[in-house]
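Read through the structure below, which is laid out as structure tokens, and then see the notes.
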Amino acid sequence: MSKHQPSQHAISGVFVFLLMGVFAVFSTVMVLLGARTYKSTSDRTQQHNESRVAAAYVRSMVRADDEKDEILTENLNGIPTVTMIEVYDGDEYVTRLYAYGGTLRELFTERANEFDPDEGEPICPLEELNAGISDGLMTIHLKSADSETDVQIALRCAADGGVKE
């Protein structure tokens with residue numbers, strides 16, 4: 001009888017070891033699946049936020065300058081821009097929003113200065129910006145690598161004749 005008892009303990013020890021091994025494998029699989037799901041969700045959220053940032057930025061810039069002098073759309077060196085003209089102490093300045101080099105850019109300069117798209121301040125990722133004005137309604141089409149958005153803004157300065165295309 002004494003020979004039978006040690007083998008019974010060895011079998012129960014192997015069973016406990018196997019059970020812990022299965023638990024460790026399943027725990028590792030769950031951690032890997034959770035990490036993959038988190039990364040996928042995080043990437044989608046970042047892409048969504050990037051597209052929202054461009055739309056919100058353009059909308060807020062146009063609305064901020066809407067009651068001032070003039071808002072127009074231009075095509076400078078083959079690059080569509082939204083141009084807002086402001087007068088300070090009798091001098092005309094422009095703020096231009098445009099897509100160049102894969103980013104939305106903003107350039108604030110004197111109106112007399114020549115347009116150089118490289119001088120604009122990068123804001124956020126954006127592949128394309130196209131804008132048009134019709135009957136006081138500005139429509140801006142924004143295209144990023146993953147999404148397209150149209151922003152429509154009813155311009156208050158249209159009543160004063162401050163809108164040009």
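The values are calculated or read from the model by the stated rules, or taken from the named source; none is laboratory data. All of these numbers come straight from a predicted model, not from anything done at the bench. Note that we place each Cβ from the backbone using ideal geometry, even for glycine, and neighbour counts take in every protein chain shown.
Confirm whether Gly21 is assigned to a helix (DSSP H, G or I), modelled with pLDDT of 90 or more and over 30 Å from Tyr98 (Cβ atoms).
Values: assigned to a helix (DSSP H, G or I): yes; modelled with pLDDT of 90 or more: yes; over 30 Å from Tyr98 (Cβ atoms): yes.
Yes.
List the residue pairs whose Cβ atoms are under 8 Å apart, where the first residue sits in region 18-39 and is among the aliphatic types (A, V, I, L, M), the second is surrounded by fewer than 10 Cβ atoms within 10 Å (Cβ to Cβ) and outside any helix (DSSP H, G or I), and the two are 6 or more positions apart or on different chains.
none
Using the structure shown, decide if Glu106 is surrounded by fewer than 18 Cβ atoms within 10 Å (Cβ to Cβ), modelled with pLDDT under 90 and not hydrophobic (A, V, I, L, M, F, W, C). Can you show your working first?
Working: surrounded by fewer than 18 Cβ atoms within 10 Å (Cβ to Cβ): yes; modelled with pLDDT under 90: no; not hydrophobic (A, V, I, L, M, F, W, C): yes.
No, not satisfied.
Starting from region 84-106, keep only residues that are on the phi > 0 side of the Ramachandran plot, then list their pairs with residues that are surrounded by 15 or more Cβ atoms within 10 Å (Cβ to Cβ) and assigned to a strand (DSSP E or B) whose Cβ atoms are within a distance under 7 Å, requiring at least 6 positions of separation or different chains.
Matching pairs, first to second residue: Gly102/Pro125.
Which of the residues spanning region 150-165 are out of contact with any Lys or Arg (no Cβ under 8 Å at 6 or more places or on another chain), at pLDDT 55 or above and of a type outside the set (Asp, Glu)?
Within region 150-165, Gln152, Ala154, Leu155, Arg156, Ala158 qualify.
Condition check: free of Cβ contacts under 8 Å to residues at least 60 places away in the same chain and touching a Phe, Trp or Tyr at 6+ places or on another chain (Cβ under 6 Å). Does Pro117 satisfy that?
Values: free of Cβ contacts under 8 Å to residues at least 60 places away in the same chain: yes; touching a Phe, Trp or Tyr at 6+ places or on another chain (Cβ under 6 Å): yes.
The answer is yes for Pro117.
When you go through (1) out of contact with any Gly (no Cβ under 8 Å at 6 or more places or on another chain); (2) among the aliphatic types (A, V, I, L, M); (3) without any contact (Cβ under 8 Å) to a residue 60 or more places away in the chain; (4) surrounded by 12 or more Cβ atoms within 10 Å (Cβ to Cβ) one by one for Ala112, which number turns out not to apply?
Among (1) out of contact with any Gly (no Cβ under 8 Å at 6 or more places or on another chain); (2) among the aliphatic types (A, V, I, L, M); (3) without any contact (Cβ under 8 Å) to a residue 60 or more places away in the chain; (4) surrounded by 12 or more Cβ atoms within 10 Å (Cβ to Cβ), the lone unmet condition for Ala112 is (4).
Here is a yes/no grid of residues against (1) farther than 18 Å from Ala131 by Cβ; (2) modelled with pLDDT under 85; (3) more than 17 Å from the chain's Cα centre (by Cα):
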| residue | (1), (2), (3) |
| --- | --- |
| Ser42 | yes, yes, no |
| Lys68 | no, yes, yes |
| Val82 | no, no, yes |
| Val87 | yes, no, yes |
| Glu114 | yes, no, yes |
